[in-house]
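Q: Could you have a look at this structure, given as structure tokens, before my questions?
The values are calculated or read from the model by the stated rules, or taken from the named source; none is laboratory data. Since the structure is predicted, the reported quantities are computational estimates derived from the model, not experimental observations. Neighbour counts are summed over all protein chains in view; Cβ atoms, including those assigned to glycine, are modelled from backbone coordinates with ideal geometry.
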Amino acid sequence: MVKVYLLLFAGLILLFISGKYLVDSSVAVSRRLKIPRMIIGLTVVAFGTSAPELLVSLQAAFSGYPEIAIGNVVGSNISNILLVLAITAIIYPIPVPASSIKRDWPVLMLVSVVLFFFSMNGSISRLEGAILVTLLAGYILMSVLLSRGAERPGSNAEEGPVMKWWVAGVLFLGSCVGLAIGADLLVDNVSLIAEEVGLSKRVVSITMVAVGTSIPELATSVIAAFKKETEISVGNIIGSNIMNILSVLGLTSLVSPIKVSKEIAGFDIPWMLGITALMLLLMLPAARSRITRWEGSLMCIIYLLYIYFLF
């Protein structure tokens with residue numbers, strides 16, 4: 001059993017490292033092609049940071065473990081808010097930009113409600129997956145149009161040399177292989193652990209898998225918090241959660257329709273909706289426009305309550 005846990009840990013590490021190099025190499029290629037930084041952020045980086053969740057969900061769907069496929073996304077969205085955002089706020093209070101309240105949060109709430117209705121019939125079909133991917137394209141287009149003119153001339157020229165083509169290509173291919181192997185290790189060994197300890201795959205995917213695939217967001221946010229540079233944390237978390245629903249579940253269900261258990265549809269997704277609504281309440285007070293340490297502590301307590309009710 002020790003070997004299983006070691007392989008699970010190896011899978012998580014491989015996902016983390018491969019995801020990082022996928023983003024780095026993709027951004028390097030985009031810069032070589034003179035693509036504006038705004039477009040890189042909305043597409044290349046956004047998809048790259050969601051790659052671990054996508055590969056895990058695809059692998060789970062192909063392996064016949066639908067609970068892991070959707071539990072990974074729902075659990076990741078919950079932990080992004082109640083753990084990543086909370087821990088970041090505890091380290092250093094998080095300023096909330098107006099765009100997060102006016103534009104990004106309503107989109108997250110909308111797609112979360114859409115997911116809730118799609119899950120009510122017990123599955124997410126290919127047609128529903130196509131709708132999610134269409135909404136993703138609309139969100140990216142809306143973000144590009146609303147952000148037009150915000151980028152300074154010459155802002156695409158970042159400091160430091162641009163990665164060579166062949167280096168970017170090798171890193172990109174290597175990271176794709178690493179993500180595939182990491183996802184395979186994670187899904188297979190999580191299934192073994194669930195059977196060994198007598199827990200459902202749903203519970204393990206919503207806790208262990210979801211927190212594991214949220215490690216990149218947690219690492220980035222914690223480092224930013226220690227540097228007292230938390231301004232982008234809210235936008236990053238909201239964007240990540242939107243991508244998890246629209247790209248990860250959308251693309252996965254296009255490839256293989258996802259069965260949704262009654263527990264996930266009737267308990268976990270409503271929790272995700274409630275937590276997303278709570279996020280707005282924490283961001284709303286215009287006089288502060290920040291998520292404080294005590295609010296971060298409150299979110300951690302709510303996460304512990306959620307885990308308690310899971311068992």
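Q: Take the residues in region 1-36 that are without any contact (Cβ under 8 Å) to a residue 12 or more places away in the chain and part of a helix (DSSP H, G or I); name whichever of them is nearest to P216 (Cα to Cα). Step through it out loud before you land on a result.
A: Let us first name the residues in region 1-36 that are without any contact (Cβ under 8 Å) to a residue 12 or more places away in the chain, namely 2-3, 6, 9, 33.
Those left that are additionally part of a helix (DSSP H, G or I): 2-3, 6, 9.
Values: V2: 25, K3: 24, L6: 19, F9: 14 Å.
This residue is F9.
Q: Please pick out the residue among L141, L132 that is part of a helix (DSSP H, G or I), loosely packed, with under 12 Cβ neighbours inside 10 Å and either modelled with pLDDT of 90 or more or within 21 Å of the chain's Cα centre (by Cα) (or both).
A: Details: L132 fails: loosely packed, with under 12 Cβ neighbours inside 10 Å.
Residue meeting the stated conditions: L141.
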